[in-house]
Amino acid sequence: MRSEDVRLFLAAVASGSVAAAARREGLSGSGAARSLERLETDVGARLLHRSTRSRALTEEGVRFLPYARRLLELVTSAADFVHGQGLSGRLRLTASSTFARLHLGPMLAAFAQRHPELRFELQLTDRAVDLVGSGLDLAIRIGPLANSAFKLTKLVEDRRVLCVAPSYRARFGPIEKPEDLVRLPCAVLSRDETWLFEEKGRSVQVRPHSLIWTDHGDFTLKAAEEGMAAAWISEWHAADALASGRLVRELPQARSGLKSWIHALHPFPRDEVPERVRRFLDFLVERFDPPPWAPVAEAEAGP
């Protein structure tokens, strides 16, 4: 059984079709078809239906899938062991596109320098991707998580800051208390219609005046930078705008009353975590202690 045939099969499952898998693996359509047929001959069973362009595992394919993943992991681990400490193969990740652009990208670059034989495959989306069905190794998730059998690693607290543009402050004056947000224009994420503050030993819940209501954090940040609205934004998202002066902090002593975390999670049993995943997790934990945005986010509001 050839490892490249197993890899093609897993790519077909993850991408949704043999044609897409062929493009990912750099094969022709006929080459991918031969690879799949060779694997099915070795296994002694049909693994994928041929009657549709989309992914369609046979019953035997469903049973073979976890073994295929394990087989490829063993081959990769053996190669890593023989060649020393360097990692090889693919590290498949999913994360928020905004978080990846601002923070995960530089970390991947640093990790890649340590392991030049390792390749990276990223699905950047704000939705929760099915890790097992998509063949992913690791997910970076922000905020509350549904109950899951996946192994979780806390990376850093997802703390919030209340931000406005200097032009907004000049127009409305400084925000003196959370209750002011009931009347002042705010940019509100669809999942955060109520803001809960902890300030000076008291808990205050407000329903901000939503001049802008959106499901995308980048637009919330942009609205704040343009002076349209105040925004209650994650520190990691606002750090660059705060450092450049495009935004300033209001209520600098206030903290979110709802604890939220940035997690890394993976689908592997404890004793079967691939070395590339284990070491990338260790690398992330190191890089987020302290988080790269902490010095900016802790700064007090400007005059």
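Only bridges with both residues in the chain count here: give the DSSP antiparallel percent, nearest 5.
Of the beta bridges lying entirely in the chain, close to 60 percent run antiparallel.
Considering only C-alpha atoms, what is the centroid distance from region 1-24 to region 218-255, in Å?
Going from one Cα centre to the other spans 43 Å.
Give the longest segment of the chain that steers clear of trypsin sites (Lys or Arg not before Pro) in DSSP loops with at most 15 neighbouring Cβ atoms within 10 Å, not counting the sites themselves.
Excluding the exposed sites themselves, the longest stretch runs over 54-126.
Would you work out which of GLN205, THR94, TRP195 lies farthest towards the positive end of the dipole of the chain? Charges go on Cβ: Lys and Arg +1, Asp and Glu -1.
It is THR94, whose Cα lies furthest towards the positive end.
Given the convex hull over the Cα atoms of the chain, what projected area results after averaging over all orientations, in nm²?
Working: hull surface 73.5 nm².
Its average projected convex-hull area is 18.4 nm².
Quick one: ranking ASP158, ASP289 by accessible area, 1.4 Å probe, largest first, what do you get?
Largest accessible area first, the list is ASP289, ASP158.
According to the Cα gyration tensor, what semi-axes, each the square root of 5 times an eigenvalue, does the equivalent ellipsoid of region 252-294 have, listed from largest to smallest in whole Å?
Working from the Cα gyration tensor, I get semi-axes of 29, 14, 5 Å.
Can you tell me the accessible area per residue over region 84-231, all protein chains present, probe 1.4 angstrom, in square angstrom?
For region 84-231, the solvent-accessible area averages 50 Å² per residue.
Size of the dipole of region 178-303 about the Cα centre, Lys and Arg at +1 and Asp and Glu at -1 on the beta carbon, nothing else charged, in debye to 20?
160 debye
Counting only protein heavy atoms, what percent of the accessible surface of the chain is carbon or sulfur at a 1.4 Å probe?
Using a 1.4 Å probe with all protein chains present, the chain comes out at 52 percent carbon and sulfur.
Bin width 5 Å, alpha-carbon pairs only: give the P(r) of region 121-221 as whole percents, running from 0 to the bin holding the largest distance.
Pairs per bin, as whole percents: 2, 9, 17, 18, 16, 13, 10, 8, 5, 2, 0.
Just name one of ALA21, ILE175, LEU152: the one whose Cα is farthest towards the positive end of the charge dipole of the chain (beta-carbon charges, Lys/Arg +1, Asp/Glu -1).
Selected residue: ALA21.
Let me know the number of lysine pairs in the chain closer than 21 Å at the Cα, not counting same-chain pairs under 8 apart.
Working: LYS151/LYS259; LYS154/LYS259; LYS177/LYS200; LYS177/LYS259; LYS200/LYS259.
For the chain, qualifying lysine pairs total 5.
If DNA, RNA and ligands are ignored and the probe is 1.4 Å, what is the ranking of LEU145, LEU258, LEU247 by accessible area, most exposed first?
LEU258, LEU145, LEU247
On the full set of protein chains, 1.4 Å probe, figure out the accessible area of VAL75 and give it in Å² to the nearest 10.
Estimated to the nearest 10 Å², VAL75 gives 70 Å².
Rounded to the nearest 5, what is the percent of antiparallel bridges among the DSSP beta bridges in region 142-231?
Percent antiparallel among DSSP bridges in region 142-231 is about 45.
The values are calculated or read from the model by the stated rules, or taken from the named source; none is laboratory data. Note that this is a predicted model, so its numbers are computed, not measured. With ideal geometry, Cβ positions are generated from the backbone for all residues, glycine too; neighbour counts draw on all protein chains shown. In case anyone asks, the SASA skips ligands and DNA or RNA and just uses the protein heavy atoms, side chains included. Shrake-Rupley method; radii C 1.70, N 1.55, O 1.52, S 1.80 Å.
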